[in-house]
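All remarks here apply to the structure that follows.
The values are calculated or read from the model by the stated rules, or taken from the named source; none is laboratory data. What you see is a predicted model, and the numbers here were worked out from it, not measured in a lab. Because the Cβ atoms are built from the backbone with ideal geometry, glycine has one as well, and the counts that use them run over all protein chains shown.
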């Protein structure tokens, strides 16, 4: 339903509650047909191991031609859950598997989400940030940040590159602005505020 909302621009809650008109129903049906025409495979794996991740990636790539792996999300979920050191090492190893084997050897595009703590650090493992190719933080702007940037046309979300083996990083007060319409599960471009240097 979220993907249909994104594709059609019809609010998620209206799709969920089937509160749409005949024209919108036709638009929804076209989106469903489009989704069915794509090789989109969803697997729910509550406890993920590196072997399972590699096996599933290779199988979907060679059997169905899948080119992109999206892991939602990288989290502690195995036998090391209560051991912080082993858990961090395990998540770092899983990050290496995504980067070196699935993206590297298999040549797939890989995107994974991770949770953050209240202070903005990555939850459960410092080794994720050490082992990933690039790490981007996506956060809501505060009301003050929206005002200081010039208003909602300059976005309500900010995206910061915090780690990057392939290019530059953002400073503490630098970010890309995005506009999120949560009702339609949709990000769009916004105007970018001009940052002035204090010197």
**Message:** Return the residues of segment 103-140 that are farther than 26 Å from residue 60 by Cα and touching a helix residue (DSSP H, G or I) at 6+ places or on another chain (Cβ under 7 Å); say none if nothing qualifies.
**Reply:** 122, 124, 125, 126, 127, 130
**Request:** Taking residue 5 as meeting all but one of (1) touching a strand residue (DSSP E or B) at 6+ places or on another chain (Cβ under 9 Å); (2) without any contact (Cβ under 8 Å) to a residue 60 or more places away in the chain; (3) outside the structural domain of residue 102 (by TED's automatic domain parsing), write down the number of the exception.
**Result:** (2)
**Request:** Counting only residues that are at pLDDT below 90, give me the strands (runs of 3 or more DSSP E) lying completely in segment 88-199 with at least 1 of them.
**Result:** 109-114, 134-140, 157-164
**Prompt:** Do we have residue 56 as assigned by TED's automatic domain parsing to the domain that holds residue 104, touching a strand residue (DSSP E or B) at 6+ places or on another chain (Cβ under 9 Å) and assigned to a helix (DSSP H, G or I) here?
**Reply:** yes
**Asked** Among the residues of segment 145-164, is there at least one that is touching a helix residue (DSSP H, G or I) at 6+ places or on another chain (Cβ under 7 Å), surrounded by fewer than 17 Cβ atoms within 10 Å (Cβ to Cβ) and farther than 30 Å from residue 86 by Cα?
**Response** yes
**Message:** When you check residue 184 against the structure, is it in contact with a helix residue (DSSP H, G or I) (Cβ under 6 Å, 6 or more places away or on another chain) and touching a residue at least 24 places away in the same chain (Cβ under 8 Å), yes or no?
**Reply:** yes
**Request:** Check 70, 102 and return the single one that is in contact with a strand residue (DSSP E or B) (Cβ under 6 Å, 6 or more places away or on another chain), assigned by TED's automatic domain parsing to the domain that holds residue 121 and buried (at least 17 other Cβ atoms within 10 Å of the Cβ).
**Result:** 102
